[in-house]
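K.L.:
Sharing a structure here in structure tokens format.
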Amino acid sequence: MRKTLLAATFLAFAASGGMAQTLSIGVGGAFTSMDPHYHTLTPNNALNKHIFDRLVGTDEDFRLRPGLAESWTSISPTVWEFKLRQGVTWHDGKPFTAEDIVSTFARVPNVRNSPGSFTIYTRQVQRLEVVDAHTIRMHTAAPNPLVPNWMSGISIISAQFGTDIDTADFNNGRAAIGTGPYRLVSYNPGTEAVMERNPNWWGPAQPWARVNYRIIANDASRIAALRAGDVQAIDAVSTRDVPTLRSDSNIRIASRAALRNIYLYLDHERDDPPGLSGPNGERLERSPLRDNRVRQALSIAINRDAIVSRVMGGFASPSGQFLAEGVMGHDPTLKPAPYDPARAQQLLLEAGYPNGFRALLAGPNNRYVNDEQIIQAVAQMWARIGVRADVQAMPSNVYFSRSARNEFPIGLSGWGTGTGEPDSPMVGLIATPNRERGRGTSNRSLYSNPEFDALLERALTTIDVAQREELYRQATRIAMADHAIIPLHHQVNIWASRRNIEVIARNDEETYAMSMKPAN
């Protein structure tokens, strides 16, 4: 059946006067599922957006634009009304209606074994009201200005599958039926997804009849595939390879400053997290990571400028908070921590660790730009103050699963914003974990501060933009003073493509066939 549909697509395109084209993309970040609600992971989100649409979309600058909802209006302080597109159909021909949204919201909190829940986008909606098949209202307990922003974070699935559909049914293709620009042909976990153009998509016509979306985790292998023409575009280009690629007349580079903050999380709660010991491997009565002086020492022992220049090749900027300069909620008074190893050693002495300690420092080796090199560099810097970091770099699917089980005392990760504001990292990374309220769903630090939580809750219900931004800044100052996380840098997103392919670079880092077109 799928072969018949694909053949028909190719013939229709040829009949219209064009030539059917296949686009092969090599991505560095490992996607882990076709289930759009399984894990709030950028590679998953990027892949799934080919198949599934969202009520609200975003452009390359993360500005909101209509998606399955043509418009949205706040009809009262606690009610948002969304007008849905008419005539939209699922890939199997069934009509899209408001009931699909109701079913989607009911499923999100019940996805089994999710390492990063999408409830951060749904929990504040207390009730859905179906006005008619193409009008839905979202009721919140308090005024909430960010409901449209949150709707850009949730893929809508068909109600025909119910709320108990398992992740495996998306991976095997049975439930991978969306309203998006492409249909799933095949999916091999950890390897490749093959998609065909959806000729009935409500959005602009796509130039690609077929898309091969391949994981090529190794940087050198990804570049070799591009040069050989095995793929026409790649993402996560290593900064060290940019000069060579720019000198190749067959290759073009696209880049954009990113929303993503690369950071370290540290276990704030447990006295005996796995992988933490005294300098000679002895058990400690209390974890040094629970002492803010130690966390500060670890932060100021990191030479961020050196990481940016030597590891990132200048394609990053040092970070001292959640979001970069120019993004709503950025606090201009917060600067990246200054490099001061002498002061770091003094802080360790004051905290009672004159000889340092040992800690497992974990991170992915195929998710963020130069991720393994970053943690290796951090380990070398910490060694100078007597902290021995045992580095473990591993494939991202393994790392994130283990990180979700709190197996590491310190880990490298990255987070941007799902809304264009700092609510996303604050709610997901720093808020006191509360599954019922969708708080702290990715809080690997196990950080909890009532003062921070109170400011965040006020910000999330403040309509006035200037007032909301000031609350975000106050909350940010508290979290950074506590070293809730240790920010490292904001990376620059880099793509490379064959000369005949133009890539529209995005600041959210996501890689789509929809952001690529034949070059003029």
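The values are calculated or read from the model by the stated rules, or taken from the named source; none is laboratory data. Nothing here was measured: the structure is a model prediction, and the numbers come from that model. Every residue, glycine among them, receives a Cβ derived from its backbone with ideal geometry; neighbour counts consider all protein chains shown.
K.L.:
Would you mind stating whether Leu245 is out of contact with any Phe, Trp or Tyr (no Cβ under 6 Å at 6 or more places or on another chain) and under 30 Å from Thr419 (Cβ atoms)? If you could, list the steps in order and put the result at the bottom.
P.N.:
Working: out of contact with any Phe, Trp or Tyr (no Cβ under 6 Å at 6 or more places or on another chain): yes; under 30 Å from Thr419 (Cβ atoms): no.
Criteria not met by Leu245.
For every residue, the table says whether it meets (1) out of contact with any Pro (no Cβ under 9 Å at 6 or more places or on another chain); (2) closer than 18 Å to Leu84 by Cβ; (3) surrounded by 21 or more Cβ atoms within 10 Å (Cβ to Cβ); (4) basic (Lys, Arg).
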| position | (1), (2), (3), (4) |
| --- | --- |
| Ser24 | yes, no, yes, no |
| Phe31 | no, no, yes, no |
| Asn44 | no, no, yes, no |
| Asp53 | no, yes, yes, no |
| Gly57 | no, yes, no, no |
| Asp61 | yes, no, no, no |
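K.L.:
Same structure again: Looking only at segment 114-141, which residues are in contact with a helix residue (DSSP H, G or I) (Cβ under 8 Å, 6 or more places away or on another chain) and free of Cβ contacts under 8 Å to residues at least 60 places away in the same chain?
P.N.:
Just the residues of segment 114-141 that are in contact with a helix residue (DSSP H, G or I) (Cβ under 8 Å, 6 or more places away or on another chain), to begin with: 115-125, 128, 130-136, 138, 140.
Selection gives Val125, Leu128, Val130, Val131, Asp132, Ala133, His134, Thr135, Ile136, Met138.
K.L.:
Also, quick follow-up: When segment 157-208 is examined, which residues are found to be surrounded by fewer than 18 Cβ atoms within 10 Å (Cβ to Cβ) and of a type in the set (Lys, Arg)?
P.N.:
The one that is surrounded by fewer than 18 Cβ atoms within 10 Å (Cβ to Cβ) and of a type in the set (Lys, Arg): Arg174.
K.L.:
Given (1) of a type in the set (Asp, Glu); (2) buried (at least 17 other Cβ atoms within 10 Å of the Cβ); (3) under 21 Å from the mean Cα position of the chain (by Cα), where does Asp291 come up short, assuming only one miss?
P.N.:
(3)
K.L.:
Which condition number does Arg458 fail, the rest of (1) under 20 Å from Arg290 (Cβ atoms); (2) outside any strand (DSSP E or B); (3) basic (Lys, Arg) being met?
P.N.:
(1)
K.L.:
Would you confirm, using the coordinates I've provided, whether Ala351 is surrounded by 22 or more Cβ atoms within 10 Å (Cβ to Cβ), farther than 30 Å from Asp464 by Cα and either of a type outside the set (D, E, K, R) or in contact with a Phe, Trp or Tyr (Cβ under 6 Å, 6 or more places away or on another chain) (or both)?
P.N.:
No: the conditions fail for Ala351.
K.L.:
If I filter segment 337-351 for residues that are assigned to a loop (DSSP other than H, G, I, E, B) and among the aromatic types (Phe, Trp, Tyr), do I get at least one hit?
P.N.:
Step one: of segment 337-351, the residues assigned to a loop (DSSP other than H, G, I, E, B) are 337-340.
Restricting the remaining residues to those that are among the aromatic types (Phe, Trp, Tyr) gives 339.
Checked segment 337-351: at least one residue is assigned to a loop (DSSP other than H, G, I, E, B) and among the aromatic types (Phe, Trp, Tyr).
Yes or no, residue by residue, for (1) within 22 Å of the chain's Cα centre (by Cα); (2) in a loop (DSSP other than H, G, I, E, B):
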| residue | (1), (2) |
| --- | --- |
| Trp208 | no, yes |
| Asn212 | yes, no |
| Arg227 | no, no |
| Val231 | no, yes |
| Asp241 | no, no |
| Asp272 | no, yes |
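K.L.:
Residue check, Ala389 against (1) aliphatic (A, V, I, L, M); (2) touching a residue at least 24 places away in the same chain (Cβ under 8 Å); (3) not in a strand (DSSP E or B), all met but one. Which one?
P.N.:
The one condition Ala389 does not meet is (3).
K.L.:
Quick one: is Ala306 among the hydrophobic types (A, V, I, L, M, F, W, C), without any contact (Cβ under 8 Å) to a residue 40 or more places away in the chain and either not in a loop (DSSP other than H, G, I, E, B) or not assigned by TED's automatic domain parsing to the domain that holds Val398 (or both)?
P.N.:
no
K.L.:
Okay, moving on. Here are the criteria: (1) among the charged types (D, E, K, R); (2) in a loop (DSSP other than H, G, I, E, B); (3) crowded, with 22+ Cβ neighbours inside 10 Å. Tell me which single one Arg222 does not satisfy.
P.N.:
The number of the failed condition is (2).
K.L.:
Given the options Arg252, Arg270, Arg260, Arg256, name the one that is in contact with a Phe, Trp or Tyr (Cβ under 8 Å, 6 or more places away or on another chain) and in contact (Cβ under 8 Å) with a residue 24 or more places away in the chain.
P.N.:
On the way: Arg252 fails: in contact with a Phe, Trp or Tyr (Cβ under 8 Å, 6 or more places away or on another chain); Arg270 fails: in contact with a Phe, Trp or Tyr (Cβ under 8 Å, 6 or more places away or on another chain); Arg256 fails: in contact with a Phe, Trp or Tyr (Cβ under 8 Å, 6 or more places away or on another chain).
So the residue among Arg252, Arg270, Arg260, Arg256 that is in contact with a Phe, Trp or Tyr (Cβ under 8 Å, 6 or more places away or on another chain) and in contact (Cβ under 8 Å) with a residue 24 or more places away in the chain is Arg260.
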